[in-house]
Amino acid sequence: MGSVDEHVLHMGTLNPNVIELQYAVRGPIVARATELENELKNGVKKPFTKVVKANIGDCHATGQKPITFIRQVVALCTYPELMNSDLFPKDAKEKARKILNGCRGSSLGSYSDSPGVMVIREHVAQYITERDGYPADPADIVLCTGASDGIRSIMTLLLTGKLGKDKAGIMIPIPQYPLYSAALAEYAAYPIPYYLNEAKGWSMEVSELERAITEAKPHCCPRAIVIINPGNPTGQVLKKENIQDIIKFAKREKLFIMADEVYQHNIYAEGCKFFSFKQVMSEMGSPYDKMELASFMSASKGFMGECGYRGGYSEIVNLLPEITAQYMKSISAKLCPPVSGQVVVDCIVDPPKPGDPSYELFIAEKNEVLRQLKEKASLVTELFNSIDGISCNTLQGAMYAFPRIHLPPKAIKAAEDANQTPDSFYCFALLEETGICTVPGSGFREEPGTYHFRITILPQLEELKAVLGNFKDFHLNFLAKYK
């Protein structure tokens, strides 16, 4: 490879923002999990026979079956000759034809417009209108390569292009989904962390928002607030009154609202209900219904879990026309999101209706996925709270638990000696002894002096029960070791 000095790029010349960037859900512990998988394949003896990757919300990787209707429509769009087959129901064929008629050359292999196929954007707008009871405009819908791409695209609009105290500040919840801190590091923007209150079920309190922005103002120019609802990794679901308070705060501070709502189908706890920020803003009336908002939705979560298709959308609300034009210009450089992913989005927002040939199977599959997730959310919460040295708030929604581990001082000292955070030390030990791959809470950031980990509830029920049993044994042995 030659010496370092012969290369244009080495650690001394690499963009420092890339070095700063961290993405915990695919971090070092996941790399070690992959190594362990390979060691098992090569016959190396371990205390376990399988690595369980409970680090990421990858539904189908953990055994969830695809929704039949979605895959039928994707298949028909990909290979239209299947329209002649009797294996596919009439409504799936009709949807595929409608989508293909909206594609150039009637082919999924052609570029779409940069914001996506218009007929799909129309269906998204119709879905939002029916969900919220307030109209949505297809012109405000931008299809994207998963929600993460839409989030990054909006963030680029908010950057100031300046450094020091004039750089853009973005408020992010702590614990946060690592996409946000990674993107802010990449863009050299200023993260403004606000802490969710674990003692009150990961609630979001305006007094904490005010503390966070007051402390940040000498260091940046606050531009936006990110809200994840339902929460990732924390699983809380915001009440309508809470959303109203956040909107009022954003109005006072002149902040753009970024509403990450990708888990809107994943609500489990009694008394919890999803309210979109768009709906609540609209209900509040003037002046709140004129505020700038971008909301994000994904095909990767919910009941569908189609992560690999990279489908998603964002709705932009109340942007000035000239800003919308600049936004459309900026996404045109990406050409367009994957058209097959756009097809998946269409099936989610415009599913079979009662009376359609596919309806009974579709609704049965959807309800069964959500029923199992609700059962697993309850199972995980109860088990963690039954174990000494662990506490876990109720999983109200989303796909993860974020339990707090109360580590003995001796374990914290051992972690320091190993040059690791205490929760990373714990999670690496868990992986090496049980094959269970989780994500240390420090990867999501957490309140100083507290330690957590994130674990997905996606594994199939029997496997999840086995995982939790192995986890309990490990944890009690860990406590005994470092007592």
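The values are calculated or read from the model by the stated rules, or taken from the named source; none is laboratory data. It should be emphasised that the depicted structure is a prediction, and the values quoted were computed from it without experimental measurement. Cβ: placed from backbone, ideal geometry, glycine included. Neighbour counts: every protein chain shown. Only protein heavy atoms, including side chains, enter the accessible area calculation; ligands, DNA and RNA are left aside. Shrake-Rupley method; radii C 1.70, N 1.55, O 1.52, S 1.80 Å.
Rolling a 1.4 Å probe across the protein heavy atoms gives region 323-457 an accessible surface of 40 Å² per residue. Can you pick out the pairs among Lys162/Lys278; Lys65/Lys98; Lys254/Lys334; Lys248/Lys278; Lys413/Lys472 whose Cα atoms lie more than 19 Å from each other? Pairs exceeding 19 Å: Lys162/Lys278; Lys65/Lys98; Lys254/Lys334; Lys413/Lys472. Roughly speaking, to the nearest percent, how much of the chain's 1.4 Å accessible area is carbon and sulfur? Whole-percent figure for carbon plus sulfur exposure: 53. Each Cα pair under 8 Å and six or more residues apart adds its separation to the average, and for region 299-389 the resulting relative contact order is 28 percent.
Geometric descriptor of the chain, per residue, is 188 Å³ (volume of the convex hull of the Cα atoms).
Taking only alpha carbon atoms, region 194-349 gives an Rg to Rh ratio of 0.98, where Rh is the Kirkwood radius. Using only Cα coordinates, the Kirkwood hydrodynamic radius of region 306-365 works out to 14.2 Å. Note on the chain: with charges restricted to the Cβ of Lys and Arg (+1) and Asp and Glu (-1), its dipole about the Cα centre is near 200 debye. The Cβ shell under 15 Å around Lys329 holds other residues with a net charge of -1, Lys and Arg each +1, Asp and Glu each -1.
I want to verify the translational diffusion coefficient of region 59-147 in µm²/s; compute it with Stokes-Einstein, Rh as the Kirkwood radius over Cα pairs, at 10 °C and 1.306 mPa s. Result for D is 109 µm²/s.
3J(HN,Hα) couplings calculated from phi for region 284-290 with the Karplus curve 6.51 cos²θ - 1.76 cosθ + 1.60 (θ = phi - 60°) are, in sequence order, 5, x, 5, x, 6, 6, 9 Hz; Gly and Pro show x. Among beta bridges from DSSP that stay inside the chain, the antiparallel ones total about 50%. Charge tally for Pro222 (other residues, Cβ to Cβ under 12 Å; Lys, Arg +1; Asp, Glu -1): +2. Take every Cα-Cα pair in region 330-397 and report what % of them are more than 13 Å apart. That tail contains 76 percent of the Cα-Cα pairs. Just report the Cα centroid separation between region 249-293 and region 146-220, whole Å. Distance between centres, Cα-based: 17 Å. Projecting the Cα positions of Met83, Gln420, Leu179 onto the charge dipole of the chain (unit charges on Cβ atoms of Lys, Arg, Asp and Glu, taken about the Cα centre) puts Gln420 furthest along the positive direction.
Taking His7, His265 and ordering them by how much accessible surface each has at a 1.4 Å probe, largest first, produces His7, His265.
A helix-only calculation puts the chain at -13500 deg cm²/dmol for mean residue ellipticity at 222 nm, using -39500 (n - 2.57) for each DSSP H run of at least four residues, averaged over all residues. Here the scattering of region 178-242 is modelled by Debye summation over its C-alpha atoms, one equal scatterer each and no solvent; at q = 0.18, 0.20 Å⁻¹ the log10 of I(q)/I(0) is -0.76, -0.91. In summary, region 95-178 shows an alpha-carbon radius of gyration equal to 1.46 times the 2.2 N^0.38 Å reference for compact globular proteins.
Projecting the Cα atoms of Met304, Ile316, Tyr268 onto the charge dipole of region 239-383, computed from C-beta unit charges around the Cα centre, puts Ile316 farthest toward the positive end.
A simple count of charges around Leu82, restricted to other residues whose Cβ falls under 15 Å of its Cβ and scoring Lys, Arg +1 and Asp, Glu -1, yields +1.
Looking at region 179-287, the accessible area is 36 square angstrom per residue; that uses a 1.4 Å probe and ignores ligands, DNA and RNA. What the phi angles of region 57-73 give under the Karplus curve with 6.51, -1.76 and 1.60, with θ = phi - 60°, is a coupling list of x, 9, 4, 6, 5, 9, x, 5, 7, x, 6, 4, 4, 4, 5, 4, 5 Hz, glycine and proline written as x.
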